[in-house]
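In what follows, a single structure is set out as structure tokens and then discussed.
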Amino acid sequence: MRIQPAEISPNLVPPPAGLAGRVDVETAGRLAGLSPLTIADRELFVSAIGRSGLRSWMHYFPFLHSFGMAPNRPLLWEMIGDSLCIYSLRPFNGVPRLRLYLPPIPWSIEAIAATEARQRAFNGDSHCIIVWADQQAAPELMRRGYRLSYCESDYIYDGNLVRASAGGAFARLRRSVNRLRSMPDLAVRDYMPEDREACLDLLERWRDLREGQGIPIDGYAYTRRGVENVALYGKDLCRGEVVTLDDRLVAFSFGGPISPGVESIFITISDHEVVGLGYLQRHSFMSNSPQTGFFNDGSDAGKSGLEQVKSSFRAVEMNHQYRAHLGEWDS
């Protein structure tokens, strides 16, 4: 069934502020009621996500903010009742399409129904998509008729088990961490603002190396924006650590709370000439947050090297992520 896009005149309903130069006037007019995600939304997002007890890495505010700054695919949001609803706007075949980025926070029938109506009106067909739906939302979505396709799984670690690193299961992790900590000129310390340029330089060298090896690069743009904007987030939400060798910065990590008791290991970039830094970065980051019970380290993106590192931390849960579809794409 073909549905006509909503006809909302930009002269009658003000379009979202902050979209100038990102979408045309007609598109902006049809987005009335939505707001582009900005740093000013930090407290609202953190509070809503924290109250809902979510633990997916996509729910970490610095990720949402840095990802949503992309010029050609902004994240937009609205409140429907008490639920925070986040959308992704991006072009497909040159035509902008609106998709729900995450299930409503918290889940409500009123909110999901309203997001479906908004998608259908904007896109002009009956197909609704939720870009990322984790396993907590899966039962409600299936009851509503959504079809779920598996995307990836987040590694969730028990912080107490990792900090102790006891027994045979953690032998590889202990060996890797102890080898690096025994290097006399290697040090791990808190990130400082003056480290910013060295971190960005390492990120560029990391990208150049992977491109030269023909390895697909995931998340470079939002990672760079995350590093550039870390001061905006505040240390309570995004703390950083760096590793130096002979006073040269060879690795950096950033992360912080998603919801009470759960932190995101958001960014881990290292110089691959120093073997094993990924083990040290994660172990140090979790050791320096002793009050946190669980850590979400994202997926391994299907990369065997990353899978080897992350599996050594003995995840206590793999948090499955899906794409959710409702209806058919008539266009």
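Taken together, the values in this text are just the output of simple stated rules run on the coordinates, not laboratory data. Model, not experiment: these values are computed from the prediction. Don't worry about glycine lacking a Cβ; one is built from the backbone with ideal geometry, like all the others, and counts go over all protein chains shown.
Worth a mention:
- Global form of the chain, assessed from the alpha-carbon gyration tensor, a/c cut-off 1.5: prolate
- Only the Cβ atoms of Lys and Arg (+1) and of Asp and Glu (-1) were treated as charged; on that basis the dipole of the chain about its Cα centre amounts to roughly 580 debye.
- In a reduced charge model with +1 at each Lys and Arg Cβ and -1 at each Asp and Glu Cβ, the stretch 256-331 shows a dipole moment near 240 debye about its Cα centre.
- Virtual spin-label span in nm between Glu317 and Arg196, 7 Å along Cα→Cβ: 3.6 nm
- 11 Å beta-carbon shell around Thr115, net charge (K/R +1, D/E -1): 0
- Spin-label model distance (nm) - Asn160 vs Arg205, 7 Å beyond Cα toward Cβ: 4.0 nm
- Here the label points at Asp246 and Asn72, each 7 Å from Cα along the C-beta direction, are separated by 4.1 nm in the simple model.
- Under 14 Å from the Trp107 label point (7 Å along Cα→beta-carbon), backbone N, the stretch 28-55: 52-55
- Counting Lys and Arg as +1 and Asp and Glu as -1 over every other residue whose Cβ lies under 10 Å from the Cβ of Asp158, the net charge comes to +1.
- Karplus-derived HN-Hα couplings along the stretch 210-219 (A = 6.51, B = -1.76, C = 1.60, θ = phi - 60°), whole Hz, x at Gly and Pro: 5, 4, x, 8, x, 8, x, 9, 10, x
- Under the Karplus curve 6.51 cos²θ - 1.76 cosθ + 1.60, θ = phi - 60°, whole-Hz ³J(HN,Hα) for the stretch 278-293, x wherever Gly or Pro sits: x, 5, 5, 4, 5, 5, 5, 4, 6, 5, 8, 10, x, 7, 8, x
- Whole-angstrom gap from the stretch 274-331 to the stretch 105-166, using each part's C-alpha centre: 17 Å
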